[in-house]
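Undergrad: Pasting a structure here, questions to come.
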Amino acid sequence: MPDRNQAIELKLLIEAIYLRYSYDFRDYSGASLKRRVLLALKQMGCESISELQRRILYDAQAFMELLQFLTIPVSEMFRDPSYYLALREQVIPVLRTYPSLKIWIAGCSTGEEVYSMAILLKEEGLLDRTILYATDINPRSLERARQGIFNIDNMRQYTDNYQSAGGKHSLSDYYTAAYDSAIMDKSLKENVTFADHSLATDSVFAETQLISCRNVLIYFNKPLQDRAFGLFLDSLCHRGFLGLGSKETLEFSGYAERFEAFNKQERIFRKL
C-alpha cells in the first residue's frame, strides 16, 4: 500500500506542476521521474511527495529547485566523440552544399553540446553561415549555456573528447582559463539563439538542416517520443539529418518509415 500511495502522490505532483507552472512531465518515464523526485525529497528536506507538492505550489523558487532534479542538467563537450567524427566526415560535406544553415540543438542543457557543434562548424568553415538554435525547458541551464563558462577541471576530459572527434586544433584555442573556470570564446555564440522550448508542449519554430537531440528522449515514454519525432520531422528540410543519443533510436517509433538510417551505429538518421 505505501508504494501505491507513493505512486498516487507522484501522479498528483506531476499534475500540479503542469497546472501551476505549465511544465509537462506527464509523459516522462515513470521510473525515471520517481528516482529523481525521491532524490529531490532528500535534498530539499521533505518527508513526503505530498509535502514537496505543497511547497512547490506556493513557492516558485522551490519549484525551480525541483526542476534541476527533473531535467538532469548534465552534459559534456564532444560527448561520444565518434558521433561528432561522423558528423564531421559524413554529414558536414552534405551541409556544405547549402548556402545557409539552421541547426537545432534540442535539450541543450548547460550548453556543452552547443559549443561542441559551434567549434566543429567553425573548423569546417560553416559557422558564419549557420544559425544555431539551442533550446531547453530549464531556465537555469539555458542561462549557464548563454554564459559559456565551464569548470576548468572538466577541460581535460573535453580535450580528449575533442581530439577523438577529429579536432583540428587545440581545444584551449576556444576558451580562456580564469581561476577555476574555462570561458568559451564569444565568437562561438554569436550565431546562437538560446530559447525556452518544450518537446512536450511546444511546436515547430524553424526549418532546419540538422537536429541534434541526444540523451533526452530516453526519459520520455513512447507517446512523448513520437510527439518529439513528429516535431523533428516537421522541422527538418527534405533530406535533413537527425542525430540521437547512443541509446536512442527511431526504429520502433511511429515515424520509422519517414527516416532512413544514415549512420546506424552513431544514431544519425536522414529524413526521406
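Undergrad: I'd like the orientation of helix 155-164 relative to the chain: the angle between its Cα long axis and the longest Cα principal axis, in ° from 0 to 90, rounded to 10.
TA: 50
Undergrad: Would you mind calculating the relative contact order of the chain from Cα pairs under 8 angstrom and at least 6 residues apart, reporting the percent as a whole number?
TA: Numbers: 407 pairs, mean separation 47.3, N = 272.
That works out to 17 percent.
Undergrad: I'd like the FRET efficiency for Asn154 and Glu260, computed as 1/(1 + (r/R0)^6) with the beta carbon distance as r and R0 of 41 Å, rounded to 0.05. Walk me through the intermediate numbers first.
TA: Working: r = 36 Å, r/R0 = 0.87.
Here the calculated transfer efficiency is 0.70.
Undergrad: In whole percent, what relative contact order does region 116-271 give with Cα contacts below 8 Å and a gap of six or more residues?
TA: 20
Undergrad: List the extent of the Cα atoms of the chain along each of their three principal axes, largest first, rounded to whole Å.
TA: 58, 51, 28
Undergrad: Net charge around Lys186, counting only other residues with Cβ within less than 15 Å of its Cβ (Lys, Arg = +1; Asp, Glu = -1)?
TA: Around Lys186, the surrounding residues sum to -1.
Undergrad: Give me the distance between the Cα centres of region 216-249 and region 98-113, rounded to whole Å.
TA: Using only Cα atoms, the two centres lie 14 Å from each other.
Undergrad: Can you give the charge dipole size of the chain about its Cα centre, rounded to the nearest 20 debye, using +1 on the beta carbon of Lys and Arg and -1 on the beta carbon of Asp and Glu?
TA: 320
Undergrad: Excluding ligands, DNA and RNA, what is the solvent-accessible area per residue of the chain at a probe of 1.4 Å, expressed in Å²?
TA: Accessible area per residue: 48 Å².
Undergrad: Here is a further query. In the Gaussian network model of the chain, springs joining C-alpha atoms below 10 Å, which of Thr201, Thr97, Thr135 carries the largest mean-square fluctuation?
TA: It is Thr97.
Undergrad: Which value, in Å² rounded to 10, gives the accessible area of Leu39 with a 1.4 Å probe and all protein chains present?
TA: 90
Undergrad: A further question on this structure: State which entries of Lys42/Lys247; Lys102/Lys186; Lys222/Lys247; Lys42/Lys222 exceed 21 angstrom in Cα-Cα distance in the structure shown.
TA: Lys42/Lys247; Lys42/Lys222
Undergrad: Compute the acute angle (0 to 90°) between the alpha-carbon long axis of helix 112-123 and the principal axis of greatest extent of the alpha-carbon atoms of the chain; round to the nearest 10°.
TA: The angle comes out near 10 degrees.
Undergrad: Where the accessible area of the chain is counted over protein heavy atoms with a 1.4 Å probe, how much of it, in %, is carbon and sulfur?
TA: Working: 6160 of 12950 Å².
Answer for the chain: carbon and sulfur cover 48 percent of the accessible area.
Undergrad: Right, here's the next one. Determine which aspartates and glutamates satisfy two conditions relative to Lys271: a Cα distance under 18 Å, and not lying fewer than 8 residues away in the same chain.
TA: Within the straight-line cut-off, Lys271 pairs with Glu207, Asp226, Asp234, Glu248, Glu251, Glu257, Glu260.
Undergrad: Right, here's the next one. Go through Glu112, Glu15 and list them by solvent-accessible area, largest first, probe radius 1.4 Å.
TA: Sorted by accessible area, descending: Glu15, Glu112.
Undergrad: For Ile49, what charge total do you get from the other residues with a beta carbon under 11 Å from its beta carbon, if Lys and Arg give +1 and Asp and Glu give -1?
TA: +1
Undergrad: Further, regarding this structure: Please compute the length gained on full extension between Tyr179 and Lys34, using 0.36 nm multiplied by the number of residues separating them and subtracting their Cα-Cα distance.
TA: Extra length from Tyr179 to Lys34 when fully extended: 48.4 nm.
Undergrad: Rank Ser82, Ser203 by accessible area, highest first, at a 1.4 Å probe radius?
TA: Ser203, Ser82
Undergrad: Give the average over all directions of the projected area of the C-alpha convex hull of region 1-70, one decimal, in nm².
TA: On the way: hull surface 16.4 nm².
Taking the Cα atoms of region 1-70, their convex hull projects to 4.1 nm² on average.
Undergrad: Please give the net charge around Leu13, taking every other residue with its beta carbon less than 12 angstrom from that of Leu13, where Lys and Arg add +1 and Asp and Glu add -1.
TA: +4
Undergrad: Helix 60-70: angle to the longest alpha-carbon principal axis of the chain, degrees 0 to 90, nearest 10?
TA: 60
Undergrad: Taking 0.36 nm per intervening residue step and subtracting the Cα-Cα distance, what contour gain separates Thr97 from Gln6 on full extension?
TA: 27.3 nm
The values are calculated or read from the model by the stated rules, or taken from the named source; none is laboratory data. These figures come from a predicted structure and were not determined experimentally. Note: ideal-geometry Cβ built from the backbone for every residue, glycine included; neighbour counts use all protein chains shown. Side chains are part of the model used for accessible areas, which takes the heavy atoms of the whole protein and leaves out ligands, DNA and RNA. Shrake-Rupley method; radii C 1.70, N 1.55, O 1.52, S 1.80 Å.
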